[in-house]
Amino acid sequence: MPTVKMTSHLYRFFPQLEDQVITLPSGSVAEVLHGINELAPGFTDYILDERGAMRRHVKLCINDTIVIDRKALSDRVQEEDTLFIFQALSGG
């Protein structure tokens, strides 16, 4: 099953994911994100906008390839893949 990894600051908002190896069934990026949301309710609200598209401050990669479809999230996450979730930080 694919593995999901994310930047550590996301654990501040979703502490139930910290120190877990997150594995979910393969499928589209949307399906994997909704699987994470089942583990940590509210996760997709934080990552996706009201239309279900990836928010501008979020980047996703499957292995070393940036996810192209930011609207429908149809890129496929295969059995041996790792989905990386990055959130841009800002401030001063």
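What distance in nm separates the two pseudo spin-label positions at Leu17 and Met1, each 7 Å out from Cα along the beta-carbon direction?
Label at Leu17, label at Met1, 1.5 nm between them.
Using all alpha carbons of the chain, what is the percent of pairwise distances in each 5 Å bin, ordered from the shortest bin to the longest?
All Cα pairs considered, the percentages come to 3, 14, 27, 29, 19, 7, 1, 1.
Extension gain Leu39-Gln78, at 0.36 nm per residue separation less the Cα-Cα distance, in nm?
Details: separation 39, 0.36 × 39 = 14.04 nm, distance 1.99 nm.
So the chain would gain 12.0 nm between Leu39 and Gln78.
Mind checking the dipole of the stretch 24-68: about its Cα centre, +1 per Lys or Arg Cβ, -1 per Asp or Glu Cβ, Debye to the nearest 20?
Values: 4 positive and 6 negative charges, 37 e Å.
About 180 debye.
May I ask which residue of Ala53, Thr3, Val29 lies farthest towards the positive end of the charge dipole of the chain, with charges of +1 (Lys, Arg) and -1 (Asp, Glu) on Cβ and the Cα centre as origin?
The Cα lying farthest towards the positive end belongs to Ala53.
Relative contact order for the chain: what is it in percent, counting Cα pairs under 8 Å that are at least 6 residues apart?
On the way: 141 pairs, mean separation 35.0, N = 92.
Answer for the chain is 38 percent.
Length gain on complete extension for the stretch Asp49 to Phe86, per 0.36 nm per residue less the alpha carbon to alpha carbon distance? Before the final figure, lay out the partial values.
Details: separation 37, 0.36 × 37 = 13.32 nm, distance 1.55 nm.
Between Asp49 and Phe86, full extension yields an extra 11.8 nm.
Taking the chain as a Gaussian network, where each spring joins two C-alpha atoms under 10 Å apart, which residue of Ile68, Ile36, Ile22 fluctuates the most?
Ile68
For the chain, give the magnitude of the charge dipole about the Cα centre (Cβ charges: +1 Lys/Arg, -1 Asp/Glu; no others), in debye to the nearest 20. Working shown, then result.
On the way: 9 positive and 13 negative charges, 85 e Å.
Dipole magnitude for the chain comes out near 420 debye.
Just from its helices, what would the mean residue ellipticity at 222 nm be for the chain, if runs of 4 or more DSSP H residues each count -39500 (n - 2.57) and the sum is divided by every residue, rounded to the nearest 500 deg cm²/dmol? Show your work: numbers first, answer last.
Values: 2 runs with 16 residues, N = 92.
Rounded to the nearest 500, the figure is -4500 deg cm²/dmol.
Modelled label-to-label distance, Arg56 and Ser26, 7 Å Cα→beta-carbon offset: nm?
Computed distance between label sites Arg56 and Ser26 equals 3.5 nm.
Every read-out reported here was derived from the displayed coordinates using simple, explicitly stated rules and does not represent laboratory data. Please read these numbers as outputs of a predicted model, since none were measured by experiment. Backbone-built Cβ (ideal geometry, glycine too); neighbour counts: all protein chains shown.
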